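Read the figures in this text as sums done on the coordinates, not as results from a lab. Owing to the predicted nature of the structure, the values given are computational and were not obtained by experimental measurement. Counting neighbours? That spans all protein chains shown, and the Cβs are built from the backbone with ideal geometry, glycine included.
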């Protein structure tokens, strides 16, 4: 299978217009000439006459499968050219693409695409671009970490929308996001609950930052005790206008946070259900920029994580769980106190009515 040398919109329309060509490219990216069963990972199978269906040769398996089995394309009724065009549009956009903007973009060529189909495709592609922050390989280098609060800006709301949040003050309506940057290598961002404990914050940091590393941050109270873990660690007190000393600074990470602020302002706020997915997409695009990958190389690298299957029920369960996890212990509205009943209140005798026949 020929790998792209120049990926543009004309190449997408000419090469991925046929469904068989899309399937051939997907077969090359997943199996690379060696067909293996996605059910038992046995590396031998029979091929049916249609050229799409296979059957495992293992005597305990004997299951049929296709190239889309167990991937983000599993059991999809939408043509693969829609998927490939959506991946291209999401990678080509310099900032971010939501489901509605992607639907408007794809409906220009084919007006029969439903919004629900594009929403499902968009969520699965964002899952494919997800970064496993818990399985990160620790690398030596210079690290910068900080926290940012994401959420709606109440001062920019109208009076009608502001009236829905009468008792919100400070940052209780926002979500805390932890960001770790390894200079010139990678970026990791994870959504944390507002009332983040010291153990939760430092567990995420210790999973990425090695002990023999150089790290810089501000004087947040949740970073207390990290000087014993990190060998070369320095904090800057921003309240005293301490922002850096030569190469020791957190300005690189602050610039990345400002880029994320532009994306958040573009969507006028992102709900807690989809916030982590948009952050993962932002990390994938920024890490590819660090590595110096071109658009065609990003397109090929995106298919390495296509084995992450997501169902519609999983999206619903994940959204409900995140809303409960992120908004725990946040009292957005004060409840009225229970009525006080005086002890000297006279009792009223109620006569029972006689049953009438």
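Calculated on C-alpha atoms, the gyration radius of region 136-291 divided by its Kirkwood radius gives an Rg/Rh of 0.98. Between residue 311 and residue 24, full extension at 0.36 nm per residue minus the direct alpha carbon distance yields a gain of 100.9 nm.
Over all distinct Cα-Cα pairs of region 19-69, the Kirkwood formula returns a hydrodynamic radius of 11.1 Å.
With a cut-off of 8 Å between alpha carbons and a minimum separation of six or more residues, what is the relative contact order of region 136-291 in percent?
28 percent
Legend: calculated FRET efficiency, residue 137 to residue 289, from the Cβ-Cβ distance at R0 = 22 Å, rounded to 0.05, equals 0.65. When only alpha carbons of region 69-144 are considered, Rg and Dmax amount to 15.5, 51 Å. Extension gain, residue 39-residue 58: 0.36 nm per intervening residue step, less the Cα-Cα distance, totals 5.8 nm. Determine the distance separating the Cα centre of region 186-253 from the Cα centre of region 29-101; give it in Å without decimals. Here the answer is 41 Å between Cα centres. Residues in region 95-130 near a label at residue 268, defined as backbone nitrogen under 19 Å from the 7 Å Cα→Cβ point? The answer is 96-105. You can think of it this way: the chain between residue 32 and residue 163 has 41.4 nm of extra reach, that is 0.36 nm per residue less the Cα-Cα gap.
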